[in-house]
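Throughout, read-outs are computed from the coordinates displayed, never taken from laboratory work. Since the model is a prediction, treat every value here as computed from it, not as a measurement. Here the Cβ positions follow ideal geometry from the backbone for every residue, glycine too, while neighbour counts run over all protein chains shown.
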Amino acid sequence: MVTQSNKHRFYRQLTRNKGALLGMILIMLSSLLAIFAYLLSADTTPNANRMIPEIGSKKPGFVVQLLRVKNERMIPHKTLFAVMLGGKDDQFDYVPITSYSKKGSVLQFQKYIDDGITELHEIPLNKLAKVPVIKFRYILGTDKFGRDIASRLIVGVRVSLGVGFIAVLISLTSGIMLGAIAGYFRGWVDELIKWLMNVIWSIPTLLLVFAITLALGKGFWQVFIAVGLTMWVNVARLVRGQVLVVRELEYIEATRALGYAHVRIIVKHILPNILGPVMVIAASNFAAAIVIEAGLSFLGVGVQPPQPSWGLMIKENYNFIITHNPMLALAPGIAIMLLVLAFNLLGNGLRDAMSVRGRDNN
C-alpha cells in the first residue's frame, strides 16, 4: 500500500534529481508559454500569421521600420480571455520602409522592396496610426512569408503540448482500462486483449498513425486522436503486469472476501497502487507524442497551415539549412529537442524515485 512516508520519500528523491528538476522547470516554462502565448509573442494575430513578403527569410536580429496603415475592414473587439485563446486580428497593415518624411497632410516614404531596392510612395496622414512608424526587431528572423519565427515558435508550443496531453490522456484511459481488465479477470478476457495488443504492437507506429490520420482526415484534432490511439499498448502491457501481481496480495483477497464489486476493487484498491509506473510511461509517451506529431506535420499529414507546428515550420524551411539562414529550420528543431528532453529527464527521475522507494520498502 502507498503510505504517507512513501509519498514524502518519493517527492524528496524526485526533487533531488537534478535532471528531473531541470525537466520539470522546462515543462513548466513551456506550459506558461502555451497559456500566455498571444500575450508574450510580438505577433498577436491568430496563428502568428502576420505576413510581410518583402522581408521574407531574414536572419536573426533583423531590424526594420514598419509603417502602420489603418485597416479598412472592421476589427471586432475581443476580451482578454478571447485574445489569450486565439489572438486578435491586426488593426493595421504593416509596410516595411527605409525612410519617411511628412509633407503637409501626406507622408512620403521609401518602401522596402529588397536589400538596396526601394520605391517612393506617399499616403495621407489620416490613413495612418497615431504613431505611424515603429521599429521592429525579429529576434529569430523571418520565414519565407515574412512571419516572425519567434512568435510562431511561442504559439507553436501549444500544438506540441496539446497533442502530448490529449494523446497521453487517450492512451492512459484506454491502456489502463484494458490492462486492468486483462490482468484482473485473466482467462479468455486476458487472451483476447493480449491478442489485440499483439496485433497493434506488430504494426509500425508511423504507418498506423498514417492510416488513422487518413481515415479521420488531416487537421489539428485528428492528429491528437491518431497519436493517442497508437500509444495505449505500452500502457496496457504495463498495467496488466502490475495488476497480475497486485491482485494476488492479501489485501485484495480481503476485499473479495468482503464481497466488494470487481469495479470497486480495481478502481479503489488496485489502480491507486500501480500509478507510479504508469506516471513514468506517461512521461515517456508524452515525449514520443511530440516527436510523432512533428514527424506527421513535417510529412504534411499533421497540423495544416497556417497553424504553427514545429514540425511544419521545419518542413517549410529545411531547405535553408545549407543556405544563408539555417536558423529558420534549426530553431523549431531545437525547441522540439528541448521539450522532448525535458519529458525524458522527468520520466527518468520518476523511474529512479520509484525504484528508490521500492528498495526502501524491502
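Please give the FRET efficiency for GLU250 paired with PHE165, using the beta carbon to beta carbon distance and R0 = 35 Å, rounded to the nearest 0.05. For R0 = 35 Å, the calculated efficiency reads 0.40.
Show me the three semi-axes of the equivalent ellipsoid for region 126-203, from the C-alpha gyration tensor (sqrt of 5 times each eigenvalue), largest first, rounded to whole Å.
Working: eigenvalues 588, 35, 15 Å².
Whole-Å semi-axes of the equivalent ellipsoid: 54, 13, 9.
Taking the chain on its own, what percent of its Cα-Cα pair distances exceed 39 Å? It works out to 33 percent of all Cα pairs.
Stokes-Einstein diffusion for region 207-302, with the hydrodynamic radius set to the Kirkwood value over Cα pairs and evaluated at 25 °C in a medium of 0.890 mPa s, equals 158 µm²/s. Both the radius of gyration and Dmax for region 1-145 are 23.1, 82 Å, in that order, over alpha-carbon atoms. Build a GNM of the chain with springs between Cα atoms under 10 Å apart, and of ARG73, ARG237, ARG12 the one that fluctuates most is ARG73. In whole angstrom, region 105-146 maps to an equivalent ellipsoid with semi-axes of 24, 15, 8, each derived as √(5λ) from the alpha carbon gyration tensor and ordered largest first. Comparing SER202, SER309, SER160 in a Gaussian network model of the chain (Cα springs below 10 Å), the most mobile by mean-square fluctuation is SER202.
So what is the relative contact order for the chain, in percent, with contacts set as C-alpha pairs under 8 Å and at least six apart?
23 percent
Across region 88-134, Cα pairs under 8 Å and at least six residues apart give a relative contact order of 27 percent. Highest GNM mean-square fluctuation among VAL157, VAL63, VAL263, for the chain modelled with Cα contacts below 10 Å: VAL263.
The mean of 1/r over all distinct Cα pairs in region 60-144, once inverted, gives the Kirkwood hydrodynamic radius of 14.6 Å.
Of all stretches in the chain that contain no GluC sites (Glu not before Pro) in a DSSP loop with at most 10 other Cβ atoms within 10 Å, the longest one is 73-247.
Using the Cα coordinates of region 68-215, the gyration tensor eigenvalues translate into equivalent-ellipsoid semi-axes of 58, 18, 11 Å, sorted from longest to shortest.
Using the Kirkwood radius over Cα pairs, work out the Stokes-Einstein diffusion coefficient for region 224-362 at 20 °C and 1.002 mPa s, in µm²/s as a whole number. Mind showing how you got there, number by number?
Values: Rh = 18.1 Å.
Value of D from the Cα-based Kirkwood radius: 119 µm²/s.
Which percent of the Cα-Cα distances in region 1-87 go past 17 Å?
Numbers: 2655 of 3741 pairs.
Above the 17 Å cut-off, region 1-87 has 71 percent of its Cα pairs.
A protection proxy built from the mean count of other Cβ atoms within 10 Å ranks the segments 87-98, 279-290, most packed first, as 279-290, 87-98. As a calculated quantity, the FRET efficiency between LEU338 and TYR318 at R0 = 25 Å, using C-beta atoms, amounts to about 0.85.
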